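Asker: The structure follows.
The values are calculated or read from the model by the stated rules, or taken from the named source; none is laboratory data. Nothing here was measured: the structure is a model prediction, and the numbers come from that model. Here the Cβ positions follow ideal geometry from the backbone for every residue, glycine too, while neighbour counts run over all protein chains shown. Areas reflect the complete protein model, heavy atoms only, side chains present, ligands, DNA and RNA absent. Shrake-Rupley method; radii C 1.70, N 1.55, O 1.52, S 1.80 Å.
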Amino acid sequence: DLTLGGNYTWSESEGNTEGENRGSGPVPATELQYPEYKDLSWNAPEGKLLIDQTHKLGVWAIFDLFETERQRMSLSGVQRYFSGSAYSAFGPVASRNYVTNPGYNTPPASVNYYFSGRGAYRTDDITQTDLGINYSFFFGDVEVFSQVDITNIFNEDGALLVNQAVFTNANDSSLLPFNPFTETPVEGVH
């Protein structure tokens, strides 16, 4: 009358390029485009990637309240846990102001600059508890059923997506420009 189950996934994702994202899946790498305008140490540092979510756990139980030849009713519960995902502080810098153009028709206006280590931050860990009740009625080999689910019964919440915007002179003219090849940016100045 009682069914128990569960699954667990452990995963780590490290590197220096984001090869996929939530919205579109695979994305082309840009780290090797216009190499004169960037340094991999600040444009594509190694670390935890955006898709790095170390732990995913789900456990469930289904209890059959009653079962006859023509009907069945069961109660179910699911507990989920997801560890937070990695993210970084990065923003655009106008590196072309500090590079002699080797002959590109349209050099990049700006390139990414990591102000933190790659994957230095994590979103919130998320837990969720769901309950369900299922009633089935059988007409020979045909089953007609109704299911009511109550999701997140304890109203647990957390941040899954965060605003990673970093403002620099490339997107906020009130900030001073800086040479990413020779200067260390100062928060609130650059």
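Asker: Which is of a type in the set (Gly, Ala, Ser) and closer than 30 Å to Pro185 by Cβ, of Ser146, Ser116, Ser136?
Answerer: One residue alone meets the criteria, Ser116.
Asker: Output the number of the condition that Ser116 fails; it satisfies all remaining conditions of (1) open to solvent by less than 70 Å² (accessible area, probe 1.4 Å); (2) assigned to a strand (DSSP E or B); (3) free of Cβ contacts under 8 Å to residues at least 60 places away in the same chain; (4) polar (S, T, N, Q).
Answerer: Of (1) open to solvent by less than 70 Å² (accessible area, probe 1.4 Å); (2) assigned to a strand (DSSP E or B); (3) free of Cβ contacts under 8 Å to residues at least 60 places away in the same chain; (4) polar (S, T, N, Q), only one is false for Ser116: (2).
Asker: Next question. Which number in (1) touching a strand residue (DSSP E or B) at 6+ places or on another chain (Cβ under 7 Å); (2) modelled with pLDDT under 95; (3) under 30 Å from His55 (Cβ atoms); (4) open to solvent by 60 Å² or more (accessible area, probe 1.4 Å) marks the one condition that Gly158 misses?
Answerer: (4)
Asker: Next question. Taking the condition touching a Lys or Arg at 6+ places or on another chain (Cβ under 7 Å) and closer than 20 Å to Gly19 by Cβ, does Pro107 pass?
Answerer: For Pro107, the condition - touching a Lys or Arg at 6+ places or on another chain (Cβ under 7 Å) and closer than 20 Å to Gly19 by Cβ - is not met.
Asker: Is at least one residue of the stretch 123-136 assigned to a strand (DSSP E or B), under 30 Å from Ala86 (Cβ atoms) and open to solvent by 40 Å² or more (accessible area, probe 1.4 Å)?
Answerer: Yes, the conditions are met somewhere in the stretch 123-136.
Conditions tested, residue by residue: (1) within 23 Å of Lys48 (Cβ to Cβ); (2) among the hydroxyl-bearing types (Ser, Thr, Tyr).
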{"residue": "Pro92", "(1), (2)": "yes, no"}
{"residue": "Tyr98", "(1), (2)": "no, yes"}
{"residue": "Asn101", "(1), (2)": "no, no"}
{"residue": "Asn105", "(1), (2)": "no, no"}
{"residue": "Pro108", "(1), (2)": "no, no"}
{"residue": "Tyr113", "(1), (2)": "yes, yes"}
{"residue": "Thr123", "(1), (2)": "yes, yes"}
{"residue": "Leu131", "(1), (2)": "no, no"}
{"residue": "Phe139", "(1), (2)": "no, no"}
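Residues checked against (1) at pLDDT below 95; (2) closer than 23 Å to Ser11 by Cβ; (3) of a type in the set (Ser, Thr, Tyr); (4) surrounded by 14 or more Cβ atoms within 10 Å (Cβ to Cβ):
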position: Glu46; (1), (2), (3), (4): no, yes, no, yes
position: Asp52; (1), (2), (3), (4): yes, yes, no, yes
position: Gly58; (1), (2), (3), (4): no, yes, no, yes
position: Ser74; (1), (2), (3), (4): no, no, yes, yes
position: Arg80; (1), (2), (3), (4): no, yes, no, yes
position: Val148; (1), (2), (3), (4): no, no, no, no
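Asker: Is it the case, given these coordinates, that Ser85 is in contact (Cβ under 8 Å) with a residue 60 or more places away in the chain, open to solvent by less than 50 Å² (accessible area, probe 1.4 Å) and polar (S, T, N, Q)?
Answerer: yes
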